[in-house]
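The values are calculated or read from the model by the stated rules, or taken from the named source; none is laboratory data. If you're wondering where the values come from, they're calculated on a predicted model, not measured in any experiment. Virtual Cβ from ideal backbone geometry, glycine too; neighbours counted across all protein chains shown.
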């Protein structure tokens, strides 16, 4: 899983940098360099250079397509291409995972010095968990946004009133990563039931918003928007747990 972890780490970094640095080129360079530098730190050898360059190319391609898809002129096709690029890279990394070397080098030495026995015993798992934690942040929000765009699931126009939340609220950008991190953390701790409670609680919190005696067409749009976005977000967190479980296995 070393190559997969390096790819996901590069994707997480490029998305985080792009969120703070809107200018092109710089985030892509930082993301690609992250893959190469992290590869060196985990002891990648000369035979791994081609794979690292390919992973870096996927990171750059993902970032450029995200830029294209998230512009005002972005189209569902651009969103689909971005998702396909990332998804294809992940699938290829998974298929090639039996050929990937175990994490070693300075990273493994550092991991062995950690006070946590699980991390010290399995540097590969630690590297994957670090990458997946990063993915739950900006990358998770972008994936949800791209899926909504690709499926043309548009947010309905909600008129501000005493009974309806303002569209100016941007808490979802923070709540999404917090929710995914909480699900991932509870799952890693073996508390899958508690993670399911988090999912159920979100539905209950949004229930009053999804009920309205008037403007039912708008409510149906809101319900679809909420369900699609939530299921994509939850799938990212649960999929991350499955990857970690596969790495342990």
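Side notes on the structure shown:
- Candidates 35, 17, 11, 60 - the one that is at pLDDT 95 or above, in contact with a helix residue (DSSP H, G or I) (Cβ under 7 Å, 6 or more places away or on another chain) and over 25 Å from residue 95 (Cβ atoms): 17
- Residue, surrounded by the fewest Cβ atoms within 10 Å (Cβ to Cβ), within the range 50-77, restricted to residues that are under 18 Å from the mean Cα position of the chain (by Cα), touching a residue at least 60 places away in the same chain (Cβ under 8 Å) and not in a loop (DSSP other than H, G, I, E, B): 69
For (1) surrounded by 15 or more Cβ atoms within 10 Å (Cβ to Cβ); (2) closer than 22 Å to residue 146 by Cα; (3) at pLDDT 80 or above, each residue gets a yes or a no:
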| residue | (1), (2), (3) |
| --- | --- |
| 188 | yes, no, yes |
| 192 | no, no, no |
| 200 | no, no, no |
| 205 | no, no, no |
| 214 | no, no, no |
| 217 | no, no, no |
| 232 | yes, yes, yes |
| 236 | yes, yes, yes |
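- One residue from 222, 243 being surrounded by 14 or more Cβ atoms within 10 Å (Cβ to Cβ), modelled with pLDDT of 90 or more and not in a loop (DSSP other than H, G, I, E, B): 243
- Across the range 34-49, the qualifying residues are those that are part of a helix (DSSP H, G or I), more than 19 Å from the chain's Cα centre (by Cα) and touching a residue at least 12 places away in the same chain (Cβ under 8 Å), and the one among them that is surrounded by the fewest Cβ atoms within 10 Å (Cβ to Cβ) is 40.
- Any hit, the range 88-99, residues being modelled with pLDDT of 90 or more and surrounded by 20 or more Cβ atoms within 10 Å (Cβ to Cβ): yes
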